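Some notes on the structure that comes next.
The values are calculated or read from the model by the stated rules, or taken from the named source; none is laboratory data. Keep in mind it's a predicted model, so treat the numbers as computed, not measured. Surface areas here come from the heavy atoms of the whole protein model, side chains and all, with no ligands, DNA or RNA. Shrake-Rupley method; radii C 1.70, N 1.55, O 1.52, S 1.80 Å.
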Amino acid sequence: MKMFEKGDKVIWQNQEYEVTEVSDNLPIPVLIIETGDERYCVPVVQVKKVSKRIAR
């Protein structure tokens, strides 16, 4: 079961990012996050998933 998927919104270092890639073939699953021209490899333990709010 995957916790994160490409396109998910996550919070990392108090900012919201979109996941561009998930690498779960490493010992520690990491998310690839792109910000403009920067790419970050972030261990999943460092990010929080943005919960989808359900409109009522």
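Surface listing: Y17, Y40 arranged by accessible area from highest to lowest gives Y40, Y17, probe 1.4 Å. When only Cα pairs under 8 Å and 6 or more residues apart are kept, what is the percent relative contact order across the chain? Rounded, it is 30 percent for the chain. Binning all Cα-Cα separations of the chain at 5 Å, short to long from zero, yields these whole-percent fractions: 4, 20, 33, 23, 12, 5, 3, 1, 0.
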